[in-house]
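K.L.:
Here it is, the structure in full.
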2 protein chains.
Amino acid sequence: MFLENPRPLRVEEVHEFAQSKVPQLGIATVYRNLKLLIGEGEIVEVPVPELGTLYERAGIDHHHHFYCRRCRKLFDFPGCPIDESKLAPPGFSVDSHELFLFGVCYRCNDE
Amino acid sequence: MFLENPRPLRVEEVHEFAQSKVPQLGIATVYRNLKLLIGEGEIVEVPVPELGTLYERAGIDHHHHFYCRRCRKLFDFPGCPIDESKLAPPGFSVDSHELFLFGVCYRCNDE
DNA sequence: ATATGTGCAAACTCTTTGCATGGAG
DNA sequence: CTCCATGCAAAGAGTTTGCACATAT
């Protein structure tokens, strides 16, 4: 399912999707298999402020995330406007960064 | 205490600080008073991926946060390299953003 | 028969809430 | 005496773990 899905999913979304195939499947199994897939390098965690941890397939090029306040979905957006070397305050060394955009997505803007 | 403190604090840090003045003070009181101070506009929440919610004094100019992986403290860094208008993917409208830097702080770099 | 994956329930963490109390005015 | 902030404990939400069972090999 992560292969088909271009955006990070919440645990509940994964659970619902999984239940559409195996109706009685429990939430514990979802968590267990998410951890397994992470161990295998198939997916990665996407920790988001206020939203908690979502999951998306691994190996996507460096990118960031957009959160739609209306449909409450998280979208990938490609590319990155950040130059880490110019960001480090004096004395600090930066090894990674996360950028989150908040707003309304193309689909919700159309309605 | 938030007036003296230039960086966001975890609930536990607030609790420890408060206990240094009122030793038996409980965690529920800390949460209650944080909510109160937010309502009064004295402090704001700072939700951080993987760290949960921290708190800092309100009214600081637009800025972002740096997380030191070594001492596990969150620092403010002033200014902002983001131009929202250039970031919105086509069809998306952006109304705010959050940027987090991860690395080692000036103090830990000195050791 | 053995091993693996699952459901279920309990445990754990973080946060919030209800209730009774104790001190301040 | 009346209020209100507090401690304590219980309750929730999200996540993890132990255990027993079913299924496949």
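What follows is calculated from the coordinates using simple rules that are stated; it is not laboratory data. Because the structure is predicted, anything quoted here is derived from the model rather than measured. A quick note on method: Cβ atoms are made from the backbone with ideal geometry, for glycine too, and the neighbour counts reach across all protein chains shown.
K.L.:
If a residue has to be of a type in the set (Gly, Ala, Ser) and under 16 Å from the mean Cα position of the chain (by Cα) to count, how many in the stretch B:64-101 make the cut? Give the derivation first.
P.N.:
Keep residues of the stretch B:64-101 that are of a type in the set (Gly, Ala, Ser), which gives B:79, B:85, B:88, B:91, B:93, B:96.
Checking the rest, the ones that are also under 16 Å from the mean Cα position of the chain (by Cα) come to B:79.
Here the count works out to 1.
K.L.:
Which residue pairs have Cβ atoms under 6 Å apart, sit 6 or more places apart or on different chains, and have a first residue in the stretch A:48-62 that is of a type in the set (Lys, Arg) and a second that is surrounded by 13 or more Cβ atoms within 10 Å (Cβ to Cβ)?
P.N.:
Close Cβ pairs satisfying both conditions: A:Arg57/A:Phe2; A:Arg57/A:Ile43.
K.L.:
Among the residues of the stretch A:89-99, is there at least one that is of a type in the set (Gly, Ala, Ser), surrounded by 15 or more Cβ atoms within 10 Å (Cβ to Cβ) and touching a Phe, Trp or Tyr at 6+ places or on another chain (Cβ under 8 Å)?
P.N.:
no
K.L.:
Identify all residues within the stretch B:28-63 that are in contact with a Lys or Arg (Cβ under 7 Å, 6 or more places away or on another chain) and near DNA strand C (Cβ under 9 Å from one of its atoms); write none if there are none.
P.N.:
B:Leu54
K.L.:
Taking the residues in the stretch A:35-63 that are under 26 Å from B:Pro81 (Cα atoms) and more than 9 Å from the chain's Cα centre (by Cα) as candidates, determine which candidate is surrounded by the fewest Cβ atoms within 10 Å (Cβ to Cβ).
P.N.:
By that ranking, first place goes to A:Asp61.
K.L.:
Here's something else I'd like to know. Name every residue in the stretch A:23-47 that is among the acidic types (Asp, Glu) and either in contact (Cβ under 8 Å) with a residue 40 or more places away in the chain or near DNA strand D (Cβ under 10 Å from one of its atoms) (or both), in order of residue number.
P.N.:
Taking the stretch A:23-47 first, the residues among the acidic types (Asp, Glu) are A:40, A:42, A:45.
Selection gives A:Glu42, A:Glu45.
K.L.:
Restricting attention to the stretch A:70-87, does a residue exist that is free of Cβ contacts under 8 Å to residues at least 40 places away in the same chain, more than 28 Å from B:Ser96 (Cα to Cα) and in contact with a helix residue (DSSP H, G or I) (Cβ under 7 Å, 6 or more places away or on another chain)?
P.N.:
No - not one qualifying residue is present in the stretch A:70-87.
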